[in-house]
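Here is the structure we will look at, set down as C-alpha cells.
The values are calculated or read from the model by the stated rules, or taken from the named source; none is laboratory data. Predicted, not measured: the structure shown is a model, and the values here were computed from it. Glycine gets a Cβ as well: all are built from the backbone with ideal geometry, and neighbour counts include every protein chain shown.
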Amino acid sequence: MISAKKERMTAQKSFILNYLMSVKTHPTAEVVYKEVRKKLPTISQGTVYRVLNNFKKKGEIISIDTKDTVHFDADISDHAHFICEECQNVYDIYDECSKCGILKNRKTKVGKINHYKINFYGICGSCKK
Ligand SMILES: [Zn+2]
Ligand SMILES: [Zn+2]
C-alpha cells in the first residue's frame with residue numbers, strides 16, 4: 001500500500017521533471033523552485049533541491065556548472081553547452097559539435113566515447129549588442 005505522503009512525493013517529482021522537460025532555458029534549482037511553487041504552493045525548497053539531485057544521480061537529468069551556480073537540463077541527449085560569461089545564460093549546441101571528428105567517430109586513442117559533457121564559454125549574441 002502506498003502512503004499518502006509517498007503519493008504526494010511522487011506527484012511532486014513528476015511535476016518537477018515535467019517542468020524541466022518543458023523548458024529549454026536550463027533553469028537553476030532556485031528558478032525550478034519558483035516555477036514549481038506556482039502550481040504546488042506547499043512544496044519546500046529542500047524538496048526541490050533533493051528531487052533535482054536524485055534525478056541527476058539516476059541520470060534522468062544533467063547539470064551544467066557555471067561560475068556561480070548549477071543549471072539543470074532534462075535533455076540528456078548528447079549536446080554541448082555555450083555559457084555566456086555576461087548574462088550566465090546556458091544555450092544548447094547540437095549540430096555544430098557533431099561535425100567535430102572526435103564526437104562523430106566516438107573514438108579516442110584512450111577508448112570509446114559513451115557520452116560527453118562539453119561547455120563553451122563566451123559572450124552570447126544578445127550581450128554582444
Ligand atoms: Zn549573454
Ligand atoms: Zn542543454
Output for Cβ contacts, cut-off 6 Å, separation at least six or different chains, first residue on the phi > 0 side of the Ramachandran plot in the range 76-98, second in a loop (DSSP other than H, G, I, E, B) and within 16 Å of ligand 1 (Cβ to nearest atom), reads GLN88/THR66
Of (1) within 13 Å of ligand 1 (Cβ to nearest atom); (2) under 30 Å from SER14 (Cβ atoms), TYR121 satisfies all except one. Which? (2)
I need the full set of residues from the range 85-129 which are within 20 Å of ALA74 (Cα to Cα) and in contact with a strand residue (DSSP E or B) (Cβ under 7 Å, 6 or more places away or on another chain), in order please. VAL90, TYR91, ASP92, ILE93, CYS97, ILE118, ASN119, PHE120
Taking the conditions exactly as written (farther than 13 Å from ASN119 by Cα, within 16 Å of ligand 1 (Cβ to nearest atom) and in the same structural domain as MET9 (by TED's automatic domain parsing)), does LYS39 satisfy them or not? no
Quick check, is ILE93 under 16 Å from the mean Cα position of the chain (by Cα) and farther than 27 Å from ARG50 by Cα? yes
